[in-house]
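Notes for the one structure printed next.
What follows is calculated from the coordinates using simple rules that are stated; it is not laboratory data. Keep in mind that this is a model prediction, so the values were computed, not measured. Counting neighbours? That spans all protein chains shown, and the Cβs are built from the backbone with ideal geometry, glycine included.
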């Protein structure tokens, strides 16, 4: 009986130690529209996707997190992005992002994504409820999905995501991903 109590206490302490080690501070939630940061390829993060949506060209670079281990060895974590959609899912439109990292495990990953419905050439409206913020602490994989109601008989929808990662040294890195408008026919 005495051994069982000691084992439970040891298991509780191990669990608390694991939880304490896994806690990493998340980035500030109240981010401004445009942020200057260490970004792969560019120094400005377009939170709203306005630049990508205006240009209408696909964006998609891997999120690269250069860093250094505590032993002083240079590392590079490369996080590749895969998307699905925008596509029909019953009476809804779905846009999904999957990030898979190689070469190490970031301290923190986050995707902020949304979908827009294009209403005229060069004009769009962000779809209500399509904004998603998906965090992952100490994980090489992150899945994120946006879902919105399908508009009438169909429309052109795009998908936009900002990818945020913190490397082993605690430094932030950014990339963005844009899927140009594509027709999604709705079931009415």
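For a protection proxy built on the mean count of beta-carbon atoms within 10 angstrom, sort 132-145, 94-107 highest first, please. Before the final figure, lay out each step's value.
Numbers: 132-145: 16.5, 94-107: 19.7.
Going by the mean number of other Cβ atoms within 10 Å, highest first, we get 94-107, 132-145.
Pairs of Cα atoms in the stretch 114-154 fall into 10 Å distance bins, from 0 up to the last occupied one, in shares of 25, 40, 23, 12, 1 percent. Distance between the C-alpha centres of the stretch 39-112 and the stretch 129-159: 13 Å, rounded to the whole angstrom.
Here r is the Cβ-Cβ distance between residue 100 and residue 188 and R0 is 22 Å; the resulting FRET efficiency, rounded to 0.05, is 0.05. Under a no-solvent Debye model with one identical scatterer per Cα of the stretch 93-133, what's log10 I(q)/I(0) at q = 0.20, 0.31 Å⁻¹? With one equal scatterer per Cα and no solvent, log10 I(q)/I(0) is -0.73, -1.12.
Taking 0.36 nm per residue of separation and subtracting the current Cα-Cα distance, fully stretching the chain between residue 153 and residue 55 would add 32.7 nm.
Kirkwood-based Rg over Rh for the stretch 103-188 (C-alpha set), two decimals? Result for the stretch 103-188 is an Rg/Rh of 1.09. The gain in end-to-end length when the residue 131 to residue 92 segment is fully stretched comes to 12.6 nm, 0.36 nm per residue minus the alpha carbon separation. When Rg and Dmax are taken over the Cα atoms of the stretch 37-185, they come to 16.2, 59 Å.
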